[in-house]
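J.: One structure coming up, written as structure tokens, with questions to follow.
Every read-out reported here was derived from the displayed coordinates using simple, explicitly stated rules and does not represent laboratory data. Computed from a predicted structure; not experimentally measured.
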Amino acid sequence: MEDNWEKQLACAPQCLRCNRAFAPQDRRPLSVYDHQPICGQCKQEEEKRPDYEDASKAMIAACLKATNKPYGDPAGYCFHHFCPFKCND
């Protein structure tokens, strides 16, 4: 990921799944499928997919390998698949 990945993801202007505009205070969880910021409603729909559990496990394994940080480390983007970003601008 680029050096400014956190700001790009945390301050995404819209959900990349449904295109709903984000307000600055809206939380932006990341999709376990494509690591893009999505809205809470799209995240809930994603979690209903039958392959979500397997996709979550695969995403965690890939994140650990790519970042050398556990998915629970807030300094890594993996953490934000489960704990949403909030834009601080």
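J.: Non-local amide H neighbours of Q36 (under 5 Å, H modeled in plane, Pro and chain starts lacking H): which ones?
T.: HN-HN under 5 Å from Q36: S31.
J.: What residues have an amide H closer than 5 Å to that of Q14, excluding those fewer than 5 places away on the same chain, when H is modeled at 1.01 Å from N in the peptide plane?
T.: Sorted by chain and number, the residues that satisfy this are F22.
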